Amino acid sequence: MSNLNIRQLSYDFEGIDFVWNPQNPAFSYLANVISFQTIGFEKFICKTVHEVLPLIEDHMLRAEAEDFAKQEMMHSKGHMTHVRGLIGRYPDLQDVFNESVRDFESKWAAHSTEYRLAYSAIVEGTSLPLYKIIIRHRERLVLPGDARVASLLLWHFCEEIEHRSSALKLYNALVGKPFYRLRVFPDVGQHLAANMMRIADRFFRIVPEAAGIDMRQAMADVPRLDRARMTASLFASQLPFYNPSRGSVPDYCSIWQERYEAGADMTSKTVLS
Ligand SMILES: [Fe+2]
Ligand SMILES: [Fe+2]
């Protein structure tokens with residue numbers, strides 16, 4: 001038993017608009033990129049966790065690692081339905097998706113277990129700073145849009161915050177070496193950014209609605225001070241002795257969990273707000 005809960009939400013994204021939040025096309029663009037990228041990345045994490053499970057001696061940590069991978073698999077299932085909905089409207093996006101998944105598979109195969117654990121810990125380390133700001137500004141970024149995407153993102157981001165320490169715990173238990181994580185950070189960041197920009201560029205060429213949208217403006221509605229705080233926290237999250245369990249978590253995360261556990265419809269906008 002771990003402290004993580006495995007939840008499942010089902011969606012039907014048939015007919016989903018590329019600009020699913022007309023009040024914020026740039027954030028819509030970014031969220032679509034996240035859906036396409038997440039699946040390859042979460043597969044990377046799950047393969048890494050399954051690879052190291054037999055090496056984990058602490059049974060509590062092993063249970064947490066198993067649940068961590070289960071949560072990621074559920075997220076990928078949800079994002080896959082979103083990706084399928086977009087491919088249904090723009091069939092050429094299938095190649096974009098395949099390319100992203102292959103990119104993560106090659107990255108996984110090209111490196112050691114130590115690197116794969118560092119990669120997972122680095123990216124998961126960004127969860128709290130990044131998703132906290134989106135959750136706090138959900139009224140502007142997420143909620144005005146299509147309820148299905150809003151629901152998928154809020155579910156995923158709340159659970160990313162819930163398991164924000166898991167990858168780092170695994171890294172610390174099996175690799176240690178706090179400075180190695182910092183050393184490979186530029187390579188990890190470069191790989192992720194290149195994957196993301198490739199997807200964004202393909203969208204631009206394939207999806208007519210993407211024309212004229214500048215994805216870099218996705219967070220423009222968030223006050224400058226909050227964005228500056230996020231950048232500082234993202235930097236801090238990569239420092240050798242960072243402890244994600246110490247950071248403050250938005251109240252919304254526990255509200256979301258309570259509503260889910262009470263059986264509320266987590267795809268309804270009134271429940272989500
Ligand atoms: Fe996830
Ligand atoms: Fe995660």
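What follows is calculated from the coordinates using simple rules that are stated; it is not laboratory data. Model, not experiment: these values are computed from the prediction. Cβ sites come from the backbone with ideal geometry, for glycine too, and all protein chains shown count toward neighbours.
Things worth noting here:
- Gyration tensor verdict on the stretch 55-168 (Cα atoms; rounded if a/c is under 1.5, prolate if a/b is larger than b/c, oblate otherwise): oblate
- Projected label points at ARG229 and ASN3, each 7 Å from Cα along the beta carbon direction, are separated by 2.2 nanometres.
- Once divided by 2.2 N^0.38 Å, the Cα radius of gyration of the stretch 5-91 becomes 1.33.
- Long-range Cα-Cα pairs in the stretch 42-120 (distance over 16 Å), rounded percent: 58
- Principal semi-axes in Å for the chain [√(5λ), Cα gyration tensor, largest first]: 28, 22, 19
- Relative contact order of the stretch 161-273, taken over Cα pairs closer than 8 Å and 6 or more residues apart, is 35 percent.
- In degrees, nearest ten, helix 178-206 long axis to first principal axis of the chain (Cα): 20
- Most mobile listed residue (SER112, SER28, SER120) in the chain, GNM with C-alpha springs under 10 Å: SER112
- Cα-centre dipole for the chain with unit charges at Cβ (Lys and Arg positive, Asp and Glu negative), debye to 20: 640
- Under 15 Å, Cβ to Cβ, from LEU9 - net charge with Lys/Arg +1 and Asp/Glu -1: -2
- Modelled spin labels at ILE206 and ARG183, positioned 7 Å past Cα toward Cβ, are 3.8 nm from each other.
- Radius of gyration (Cα atoms) of the stretch 114-237, expressed as a multiple of 2.2 N^0.38 Å: 1.18.
- Local electrostatic count, GLY40, Cβ distance below 10 Å [Lys/Arg +1, Asp/Glu -1]: -1
- The residues packed around MET60, meaning those with a beta-carbon under 13 Å from its beta-carbon, carry a net charge of -3 if Lys and Arg are +1 and Asp and Glu are -1.
- Straight-line cross-link partners of LYS132 among the lysines, defined as a Cα under 21 Å from its Cα and at least 8 positions apart when in the same chain: LYS169, LYS269.
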